[in-house]
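First up is the structure itself, then whatever we jot down about it.
The values are calculated or read from the model by the stated rules, or taken from the named source; none is laboratory data. In this text the structure is predicted, and so the values were computed from the model without any measurement. Note that each Cβ is placed from the backbone with ideal geometry, even for glycine, and that neighbours are counted across all protein chains shown.
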Amino acid sequence: MGRIYIVGMGPGSEDMMTKRAIEVLKQADVIIGYTVYIKLLEDTFRHKELLTTPMRQERKRCHMCFAEAAKGKVVALVCSGDAGIYGLASLMYEIGQEYPGTELEVIPGITAANSGAAVLGAPLNHDFCTISLSDLLTPWEKIEKRLVAAAAGDFVIALYNPSSHKRKDYLLRACEILLRTIEPERPCGYVENIGREGTKYVVCTLGELKDAQVNMFTTVFIGSMGTRIIDGKLVTRRGYQIV
Ligand code: SAH
């Protein structure tokens, strides 16, 4: 009977991992992940067997976990942020159907929406949603529908995967859709490299965000009607009366 932990390691630095995640990695015989994340763990866990697969080889990475578990090893699959938020947790359960008898356990991590919000101030302090702009696994028409619906519902929106080498103008396209119903002055922000070297954040308006150059390590926040810029920070009010 094999055992695989699916571990959310938070945004990057070790002090943003949960104690439980660190304990599980210490117990594991082998740690498997995307090359970039394994690199972040290399110093602390150099005595472990560390296996990597490049980006886009997610299925291979999952099968590798089950193959290692079948050898009797305790396996930890690491994902950035939370493994159940645009991560590999669900694929592991799906592929796991082919490997009856292997037990899976998900260890939660701090997702980019949480850690990015903390850098910007308090943008998610009312109803919010997350939308990924990646159309690798979701048709763009559906992403567009969700953007329109989120704007209609006056949600704060955390945008994941706002850009990649092949999708340079997706944030621009998303902003254009939102600008059909949201005013250009709406407070927004984005954070690059949360919890890693070179963390950078910008607070701006939706009109300015449209022309911002962001990379794949960026999480973008679109304010709701209750969002304000206070002392350079992005803050969504809950509605308390201030005397
Ligand atoms: N499972 C991850 C999300 C993976 S999708 C999580 O829960 O955070 C990849 C997207 O997450 C990136 O394109 C970016 O939008 C966001 N992201 C992940 N790590 C980040 C970081 N350290 N800084 C900024 N954004 C990050």
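Numbers for the structure displayed
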{"item": "Cross-chain or 6+ apart pairs with Cβ under 6 Å, region 10-22 first and touching a residue at least 60 places away in the same chain (Cβ under 8 Å), then surrounded by fewer than 17 Cβ atoms within 10 Å (Cβ to Cβ) and not in a helix (DSSP H, G or I)", "result": "Gly12/Arg196"}
{"item": "Neighbours by Cβ (under 7 Å, 6+ apart or cross-chain): first from region 26-38, over 14 Å from Tyr5 (Cβ atoms); second surrounded by 19 or more Cβ atoms within 10 Å (Cβ to Cβ) and hydroxyl-bearing (Ser, Thr, Tyr)", "result": "Tyr37/Ser80"}
{"item": "Failed condition for Arg20, given (1) at pLDDT 95 or above; (2) closer than 23 Å to Glu98 by Cβ", "result": "(2)"}
{"item": "Any hit, region 90-103, residues being under 10 Å from the mean Cα position of the chain (by Cα), among the polar types (S, T, N, Q) and assigned to a helix (DSSP H, G or I)", "result": "no"}
{"item": "Residue check, Val7 within 18 Å of the chain's Cα centre (by Cα), at pLDDT 95 or above and of a type in the set (Val, Ile, Thr)", "result": "yes"}
{"item": "Exclusive hit being touching a Ser or Thr at 6+ places or on another chain (Cβ under 8 Å) and away from the ligand (no atom under 16 Å from the Cβ), set Ala158, Ala152", "result": "Ala152"}
{"item": "Given (1) touching a Phe, Trp or Tyr at 6+ places or on another chain (Cβ under 6 Å); (2) assigned to a helix (DSSP H, G or I); (3) within 19 Å of Val191 (Cα to Cα), number of the condition Cys129 does not satisfy", "result": "(2)"}
{"item": "Residue in region 32-51 that is modelled with the lowest pLDDT, counting only those that are buried (at least 16 other Cβ atoms within 10 Å of the Cβ) and over 20 Å from the mean Cα position of the chain (by Cα)", "result": "Phe45"}
{"item": "Checklist (1) in a loop (DSSP other than H, G, I, E, B); (2) away from the ligand (no atom under 15 Å from the Cβ) applied to Glu176, failing item", "result": "(1)"}
{"item": "Ala212 being of a type in the set (Gly, Ala, Ser), assigned to a strand (DSSP E or B), within 16 Å of the ligand (Cβ to nearest atom) and at negative phi", "result": "no"}
{"item": "Hey, Pro139 more than 12 Å from the ligand (Cβ to nearest atom) and under 24 Å from Thr199 (Cβ atoms) or not", "result": "no"}
{"item": "Lone unmet requirement of (1) more than 18 Å from Arg186 (Cβ to Cβ); (2) within 16 Å of the ligand (Cβ to nearest atom); (3) not β-branched (Val, Ile, Thr) for Glu103", "result": "(2)"}
{"item": "Filter pass, Glu105 being within 28 Å of Ala76 (Cα to Cα) and free of Cβ contacts under 8 Å to residues at least 60 places away in the same chain", "result": "no"}
{"item": "Extreme residue, nearest to the ligand (Cβ to nearest atom), among residues of region 193-203 that are at pLDDT 95 or above and over 12 Å from the mean Cα position of the chain (by Cα)", "result": "Thr199"}
{"item": "Residue within region 76-85 that is of a type outside the set (Phe, Trp, Tyr), within 9 Å of the ligand (Cβ to nearest atom), part of a strand (DSSP E or B) and touching a helix residue (DSSP H, G or I) at 6+ places or on another chain (Cβ under 7 Å) present", "result": "yes"}
